[in-house]
1. Looking at B:175, B:106, B:190, which one has the Cα that reaches farthest to the positive end of the dipole of region B:28-202 (charges on Cβ: Lys, Arg +1; Asp, Glu -1)?
2. Counting partner chain Cβ atoms within 10 Å of every residue's Cβ in A:114-125, what's the average?
3. How many partner chain Cβ atoms sit within 10 Å of a residue's Cβ in peptide B:16-24, on average, as a whole number?
4. Using a 10 angstrom cutoff on alpha carbons, build the Gaussian network for chain A and name the most mobile of A:94, A:86, A:134.
5. When only C-alpha pairs under 8 Å and at least 6 residues apart count, what is the relative contact order of region A:144-213, in percent?
6. For label points placed 7 Å from Cα toward Cβ, what is the shortest-first list of nm distances from residue A:167 to its copies?
7. Just A:74, A:92, A:189 to compare: in a GNM of chain A, with alpha carbon springs under 10 Å, which one fluctuates most?
8. Taking the label point as lying 7 angstrom from Cα along the Cα-to-Cβ axis, what are the distances from residue A:85 to the corresponding position in the remaining copies, in ascending order and in nanometres?
Number of protein chains: 2
Amino acid sequence: MSDGFLPTEKFSTDLDRLFVWRRDVRHFRKDPLEKGLLETLIERACLAPSVGNAQPWRFLNIETPSIREKVASNFERENGLAAATYKGTKANLYASLKLAGLREAPIHLAVFADTETDAGSGLGRRTMPETLAYSTVCAIYTLWLAARARGVGVGWVSILDPQVLSEDLNAGENWQFIAYLCIGYPVENHDEPELVRQGWQDRIDASKVLFSR
Amino acid sequence: MSDGFLPTEKFSTDLDRLFVWRRDVRHFRKDPLEKGLLETLIERACLAPSVGNAQPWRFLNIETPSIREKVASNFERENGLAAATYKGTKANLYASLKLAGLREAPIHLAVFADTETDAGSGLGRRTMPETLAYSTVCAIYTLWLAARARGVGVGWVSILDPQVLSEDLNAGENWQFIAYLCIGYPVENHDEPELVRQGWQDRIDASKVLFSR
């Protein structure tokens, strides 16, 4: 039992500001992360909640230029196909959006869930095996917040063919692709989502998503 | 552009301690949350990242005792079926675990992802529609951290039949069930996962889940 950490009101206010300020980053400076910082962020990510304490997250640090090139091509191909699904002003707006920072970000991190892990002995996932993916998302978001608290930005790239990506990255056999993260120091800091600023999608008020039963 | 919030080293240390201290809670006091606090937590949850800014999270505050009773029965049925899959000492250990706080927690919150939302106009989810569920998980984890920073505990219940639950809760037609949360003041605070303390599953070292390519 531990009462060693009782957060203060000041901390809770600062945490709220981090939630507001966090944001997806697509504009990175090219300078590398401080040495050891990636490992520190992975350690924090491993503190995330996981179903049955299965800790199914697996991280691939993509350093090889030719593999990064394949990922960038995957994104460009899928982004082109996605662009073609829009018409009129929405198509023009889509074309103007910068949706990834793959060419600039110093760190590329691919994140997977091991769907066949023995850890946790299956506890809590019999009816909902997708909770392994959800646990991995919690790890990603933990890394994201820990990064931003250190001035480091994260961008989540999902405009990818997951099958092709897993092959190009030679991922583990039962690893489910969850996210491709670009990590680095941001060019600018914003407290409004980029898609709000660009007029793509406004915020939805919290009162609109809470219902009673 | 905003440089209004540059987190300090003290904040980043406190955030790390929150990650350690957060923990799944299954032992709740019965006293209600402070008035308005649930709404505050939902507002924080809505600051989570989401694919294409789709904000697909939908929250059902379950207040009706007969509906809560159906959820508790759902859990007990599925927990019994799960228990039957273990043998020997693992079976005994499983039987001894308290895996939900449904009978005590003052707040029950069911969380869904609206898989047909127009918001975001499909951006970022063409090849990975599951990112709507992942965005909802980010909202849940935001709520969890915001709650813990205020001394409030959260337990994530996944030992449920999602189909039966969605019917019992009269959920929206295209709502995918993600999590059932028990929320309230914890009886005790721990900085070790309950499943570690009970000998079910140890922590895995961060160095074991990071690989290079």
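1. The one lying farthest along the dipole's positive direction is B:190.
2. Numbers: counts 1, 0, 0, 1, 1, 4, 3, 8, 3, 12, 11, 3.
Counting other chains' Cβ atoms within 10 Å and averaging over A:114-125 gives 4.
3. Values: counts 8, 4, 7, 10, 5, 7, 5, 3, 5.
Across B:16-24, the average partner-chain Cβ count within 10 Å equals 6.
4. A:86
5. Values: 38 pairs, mean separation 22.2, N = 70.
In percent, rounded to a whole number, it is 32.
6. 4.1
7. Evaluated over chain A, the most mobile residue of the options is A:92.
8. Those separations, rounded to one decimal, come out as 3.3 nm.
None of the figures in this text is laboratory data; all of them are computed from the coordinates on show. Note that this is a predicted model, so its numbers are computed, not measured. All Cβ positions, even for glycine, are placed from backbone atoms using ideal geometry, and neighbour counts span all protein chains on display.
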